[in-house]
Every structure is written in C-alpha cells, then in structure tokens.
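Asker: Here it is: the structure, laid out below.
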Amino acid sequence: MSDMGEAADNAAELAEALRQSVSAFVRTVRQRTCTVKSAQSETLDLLERLGSMNVAALADRRGVTHQTMRLVVAGLEAEGSVRQRADPADRRSRLVSITSEGQRILARARENRAAYIADAIRGMLSAEERRQLQAAIPILDRLSDGAK
C-alpha cells in the first residue's frame, strides 16, 4: 500500500479510536459527577452559547419537536432556569432566555466536572503524561475548530 493509502487508513483508525476514547471519557466524567446530559442541560447550554430564541428555533437546534421543546422550556421555567418574554419582532412568539439561576446550574456542573478531571489528573498521571496531555490540547482544539 502507498504511504497515502496507509495514512488514510491510519487516519480512519485514529479517528475511530479518538471518537471512542473521547466518548467514554465524557460519559465517565458526566456519570461520576452526576452531570449527565439531559434535554434540560442541553437547552440551557444552547441558550447560554447562542442567546435568546423562540421555542421553534430551540426545537430546530436540538432536533426535537416543537411540543417536546415546549415541555422542556416549561419545566426549566418552573425551576427558574429560563424566562420567556414577548418577541419584539413577532408578538405572537415568545423568546426564551437563560436566567442567572440557569447560568449558576451550568457553572456548578462544569466546576464539578473540572474538579473530577483535575483529581484524576493528579491521581493517575505522571509528570510526563501531564505534559503529553497538555501538548494534545491545542491539537484537539484545532480539530474542533475545523469541524465547525
């Protein structure tokens, strides 16, 4: 096989290994910190990153039905994580926004995950492994930026 063919096969194998590893890592961290992804947490994250939007836009972004998203928003609103207000561009529609309580919930979950990861790094990795991990971060960031 040519070098290009081997590189392509290696890239495919590396991609699958990375996908499995990252997925397992994320799953483990979320399970051990009790911050498992949910419709609510994904919706809060979306609102924090992209700003206010109506239920139809939220449903579209999350790939769920309008009715499902209305139920998610109603639950988040009941717990004080989001608020709704009239959309100035369309009075028939309502904009959903994350509240400071919703932002606190997201921040607390992120802090819990970061603390768990820091403990794992301190307890499981040698100094050399920490350096290798540090060197890999810009590479993963570049891959993330390229996937956007």
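The values are calculated or read from the model by the stated rules, or taken from the named source; none is laboratory data. Note that the structure is a prediction, hence the values are computed from the model and not measured. So basically every Cβ, Gly included, is an ideal-geometry build from the backbone, and we count neighbours across all protein chains shown. Ligands, DNA and RNA are excluded from the accessible area calculation, which covers all protein heavy atoms including side chains. Shrake-Rupley method; radii C 1.70, N 1.55, O 1.52, S 1.80 Å.
Asker: In region 116-140, what residues are within 23 Å of V36 (Cβ to Cβ), surrounded by 10 or more Cβ atoms within 10 Å (Cβ to Cβ) and of a type in the set (G, A, S)?
Answerer: Step one: filter region 116-140 for residues within 23 Å of V36 (Cβ to Cβ), giving 116-121, 123-124, 140.
Narrowing the set further to residues that are surrounded by 10 or more Cβ atoms within 10 Å (Cβ to Cβ) leaves 116-121, 140.
Within region 116-140, A118, A120 meet the criteria.
Asker: Out of V55, V36, I need the residue that is open to solvent by 50 Å² or more (accessible area, probe 1.4 Å) and touching a Lys or Arg at 6+ places or on another chain (Cβ under 6 Å). Which one? Working first, answer last.
Answerer: Values: V55 fails: open to solvent by 50 Å² or more (accessible area, probe 1.4 Å).
Residue meeting the stated conditions: V36.
Asker: Another question about this same structure. Counting just the residues of region 74-96 that are in contact with a Ser or Thr (Cβ under 7 Å, 6 or more places away or on another chain) and open to solvent by less than 50 Å² (accessible area, probe 1.4 Å), which one comes out farthest from A59 (Cα to Cα)?
Answerer: Out of the qualifying residues, it is G80.
Asker: Out of L106, L143, I need the residue that is open to solvent by 80 Å² or more (accessible area, probe 1.4 Å) and at negative phi. Which one?
Answerer: Numbers: L106 fails: open to solvent by 80 Å² or more (accessible area, probe 1.4 Å).
None of the others qualify; the one that does is L143.
Asker: Kindly check whether there is at least one residue in region 29-44 that is touching a helix residue (DSSP H, G or I) at 6+ places or on another chain (Cβ under 7 Å), aliphatic (A, V, I, L, M), at pLDDT below 95 and under 29 Å from A136 (Cα atoms).
Answerer: So far as region 29-44 goes, yes, one or more of its residues are touching a helix residue (DSSP H, G or I) at 6+ places or on another chain (Cβ under 7 Å), aliphatic (A, V, I, L, M), at pLDDT below 95 and under 29 Å from A136 (Cα atoms).
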